[in-house]
Each structure stands twice: as structure tokens, then as C-alpha cells.
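Structure record follows, encoded as C-alpha cells.
The values are calculated or read from the model by the stated rules, or taken from the named source; none is laboratory data. Note that the structure is predicted; figures quoted are calculated from it, not measured. Backbone-built Cβ (ideal geometry, glycine too); neighbour counts: all protein chains shown. What goes into the accessible areas is simple: the full protein's heavy atoms, side chains included, and nothing from ligands, DNA or RNA. Shrake-Rupley method; radii C 1.70, N 1.55, O 1.52, S 1.80 Å.
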Amino acid sequence: IELVVVDNASTDETKMAIHRARSFLPLPVMYVYEPLKGLSRARNTGLLHCRGRILAWTDDDCVVSRDWLTSLLKHFDDDHTLSMLGGRVELYDDTLYPVSINPSLVPYRMHDTNVFPGAVLYGCNMAFRRHLVTQIGPFDVRLGAGTLLRAAEDADYVYRAHKAGY
């Protein structure tokens, strides 16, 4: 397990915070700077630097559960046909507007006929096997935070995976 943190042209103390975190985190932490703003650009920069066979994403405004990575990896270990996985997304602050959340505790398996996949997998809590990422390529830099559309890079990515047969 490794953690790749992409600093997307921040102007705060992100770099120093990551360097300090290295001393107490129980896994290797890589800091990477991406000077061109945009969430898709940041995600693509991360893809260039990670080495794992399972790639998982979260966002800078998210708090993940303590067992997030171990739970995620267990799902992939238990089901070798599983190519992509999403999970619960709840509001950390109840005063925020409840959009792009998935509070369900019920496991859900996507099929060709049941739902547009971008409606159940969100970029702040999703994981893919490396072979699928290699097959579908990078995130579309025209989409996501930091672009005119400001969203949908994750829905596009999941949709492309779904259209590729996964």
C-alpha cells in the first residue's frame, strides 16, 4: 500500500503537511506537484506515479474511515472478477447540500441494464484494478473541478469502464 498525494497548484502549506505526515503514517507517502489546475489533471498525475495493482481515489475534502483501504482491498481479494468498486459517501457537515452522496449500507452490483454507473460510483470513494485503468486511459482533463463544467470526471471515467464491458 502506498499513498500518492497530488498537490494541484495549492498555495497553502500542503507540501509541508505531507512531509510531516510521513513521520507518523504507517505506509509510504509520495508527494507530487501538478502545476496545472484541475481535478482530472491531478488524478492523471497520480496515475503516473502510483505502482499498485488496485488504484483508489479520494478527495482533499473527504475524511475516510479507518478501515477504508483494508476494506476496499478485501473486496478485491474476495472477488477476482471485480474490476471497479465504489462505496458510501456521506456528508461530513449536515449543513452542506446532499448532492453526490451514497449513504446506502446495501451492497449493489451494476449490470448492463440496471443503472447509469456514474450514479453510484463517485470519485471521492472509488477504486479500479490497474488493468482497467490501463485499458480506459487517463481522466478527461476537460471535466472535473477546475474546469468550466466543474464536475463529471468520475462519472465519465466510470461510464467509459462500463462501456468497455466492466
* **segment 125-147 residues that are under 29 Å from ARG66 (Cα atoms), paired with ones that are of a type in the set (Ser, Thr, Tyr) (beta carbon under 6 Å, 6 or more apart)** => ARG129/SER83; LEU132/SER83; LEU132/TYR166; PHE139/SER40; PHE139/TYR157; GLY144/SER40
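Each row is one residue, and each column tells you yes or no for (1) modelled with pLDDT of 95 or more; (2) acidic (Asp, Glu); (3) part of a loop (DSSP other than H, G, I, E, B); (4) closer than 20 Å to ASN125 by Cβ.
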{"site": "VAL5", "(1), (2), (3), (4)": "yes, no, no, yes"}
{"site": "MET16", "(1), (2), (3), (4)": "yes, no, no, no"}
{"site": "ARG51", "(1), (2), (3), (4)": "yes, no, yes, no"}
{"site": "ASP60", "(1), (2), (3), (4)": "no, yes, yes, yes"}
{"site": "LEU85", "(1), (2), (3), (4)": "no, no, no, yes"}
* For ALA155, are the conditions met, namely being in a loop (DSSP other than H, G, I, E, B), at pLDDT below 95 and under 19 Å from PRO98 (Cα atoms)? -> no
* Within segment 7-26, tally of residues that are closer than 23 Å to ILE54 by Cα and open to solvent by less than 40 Å² (accessible area, probe 1.4 Å) -> 3
* Residue by residue through segment 96-146, note down the ones that are at pLDDT 90 or above and assigned to a loop (DSSP other than H, G, I, E, B). => TYR122, GLY137, PRO138, PHE139, ASP140, VAL141, ARG142, LEU143, GLY144, ALA145, GLY146
